[in-house]
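Down below is the structure, laid out as structure tokens.
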Amino acid sequence: MLRAGVGAAVRLAAPGWGSPGAGARGKRGYASGQESLKQTPLYDFHRHHGGKMVAFAGWSLPVQYTHSHLESHLHTRQHCSLFDVSHMLQTKVFGRDRIKFIESLVVGDIAELKPNQGTLSLFTNERGGIMDDLIVTSTSDQHLYVVSNAGCRDKDFALMKNKVKEMKAAGCDVDLEVSDNALLALQGPAMVRVLQAGVSDNLSKLPFMTSAVMSVFGVPGCRVTRCGYTGEDGVEISVPASRAVELAELLLKDSSVWLAGLAARDSLRLEAGLCLYGNDIDESTTPVEASLIWTLGKRRRAAMDFPGASIILAQIKEKPKRKRVGLTSSGPPIRQHMPILSPEGKAIGEVTSGCPSPCLQKNIAMGYVESDYSKLSTALTVEVRKKSCPALVTKMPFVATNYYTVK
């Protein structure tokens, strides 16, 4: 799945993996300057715990802590890690026409969601381009809970606010509220054991992409959603800002929980084949080109009532000119913006994200290629520092996901 969240295109030092901080790349890469940056409620907590703070999407966030990027990444896969994702935009949509409101902006079938069930969806424009990815949960408390990307925060809020104004003028019942809660992501196979010790709800009854409000280690009013951006079983906990540090400290009392930052989050999501908005998807890419057709609700396709529907549905029928694919290679790391070449040396696309995989010990990447070259196992090359390096079109996720589902 896509994760509604932003990471950064982390450049890992090779060999030795090293610290990614100064070498980070990407449309929204890291910077070390901290002037005029927004701070999450856990800013001082991060510094106290050795977080290396960097500028990201207008926020001061930890890129890593005392453990190396490689150690942090592997620990998340083997145990569990705690990420601060409070920079993301959390909104609530109220009113009788809340479904009509959100479906006027996204491609998903929100009306079909059961109480406390969520789905990943996409804001699209009239040209079929992806304006952002987001998770929409239809809560049992008669509102929609929406989480979208920090890098698109102003754009997303303006989009929603303007639509509310338009619908209210037409007599509709809809209201928008921005939550100031912090958001903590606990990710990894040990998550369920760690969290179950602090909640009365039975987590075996909370499958992937469902949500519930509960007290977590004595902190009341937390919304726990089983989702994440790592490919592992995990939750995101929306917690009152005033008690976010308290909850983080309580979770860290379990020795299997480590703090993790932007660097590990990015390499984890890439191994899981998840897109980063601004790198792998943006307003110039459509859901069809991005291999995200599964986000389009069947009813919505039939009704053709989402922004850009005519363009998107025509691409499904006719096939797009380009397509997002996964790539694996050996040799020097593959980075964003590197040209992808056909076996004959023709430029057929570009890498959008890439890094050495800590789990696979080989290079992984995703990018867009002409559709004729998108078939699995197609041999291509990537131009790395003016040298052609062999690459293979590979199925994603690169590392198997471990989402918790109930059959």
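The values are calculated or read from the model by the stated rules, or taken from the named source; none is laboratory data. Computed from a predicted structure; not experimentally measured. Cβ atoms come from the backbone with ideal geometry, glycine included; neighbour counts cover every protein chain shown. Just the protein is used for accessible areas: all its heavy atoms, side chains included, with ligands, DNA and RNA removed. Shrake-Rupley method; radii C 1.70, N 1.55, O 1.52, S 1.80 Å.
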message: Between Gln142 and His48, what is the label-point separation in nm under the 7 Å Cα-to-beta-carbon projection?
response: 4.0 nm
message: Tell me the relative contact order for the chain as a rounded percent, counting alpha carbon contacts under 8 Å between residues six or more apart.
response: 19 percent
field: Residue with peak Gaussian network fluctuation, the chain [Cα springs, cutoff 10 Å], from Ile99, Ile130, Ile316
entry: Ile316
- prompt: How much length is gained on full extension from Leu360 to Lys319, taking 0.36 nm per residue of separation minus their Cα-Cα distance?
  reply: 11.6 nm
task: Report the relative contact order of segment 226-345, percent, no decimals, based on alpha-carbon pairs under 8 angstrom and at least 6 residues apart.
output: 19 percent
task: Compute the length gained on full extension between Ser36 and Lys114: take 0.36 nm times their separation in residues and subtract their Cα-Cα distance, giving the result in nm to one decimal.
output: 23.9 nm
task: Sort Lys407, Lys52, Lys395 from largest to smallest accessible area, using a 1.4 Å probe on the heavy atoms of the protein chains.
output: Lys407, Lys395, Lys52
field: Residue of Arg243, Arg265, Arg193 that the Gaussian network model of the chain assigns the largest fluctuation, springs spanning Cα pairs under 10 Å
entry: Arg193
query: Where does segment 361-407 land on the Kirkwood hydrodynamic radius, alpha-carbon pairs, in angstrom?
result: 12.9 Å
message: Once each part is reduced to its C-alpha centroid, what is the distance from segment 105-127 to segment 340-405 in angstrom?
response: 29 Å
query: Sorted by accessible area (1.4 Å probe), largest first, how do Asp154, Asp97, Asp305 line up?
result: Asp154, Asp305, Asp97
message: Below 21 Å, Cα to Cα, which lysines can Lys165 reach? Residues fewer than 8 away in the same chain don't count.
response: Lys92, Lys100, Lys155
message: I'd like the accessible area for Ile237: 1.4 Å probe, protein heavy atoms, all chains in place, Å² to the nearest 10.
response: 0 Å²
Extension gain from Lys346 to Lys375, taking 0.36 nm per residue of separation minus the Cα-Cα distance: 8.8 nm
field: Alpha-carbon spread of the chain, three principal axes, descending order, Å
entry: 58, 51, 47
task: Report the residue, chosen from Asp280, Asp233, Asp254, that carries the largest GNM mean-square fluctuation when the chain is represented by alpha-carbon nodes joined by springs under 10 Å.
output: Asp254
message: Please report the spacing between the Cα centers of segment 49-92 and segment 133-187 in Å, no decimals.
response: 24 Å
message: Past 28 Å, Cα to Cα: identify those pairs from Lys298/Lys321; Lys52/Lys323; Lys114/Lys168; Lys205/Lys317; Lys319/Lys395, in the order given.
response: Lys52/Lys323; Lys205/Lys317
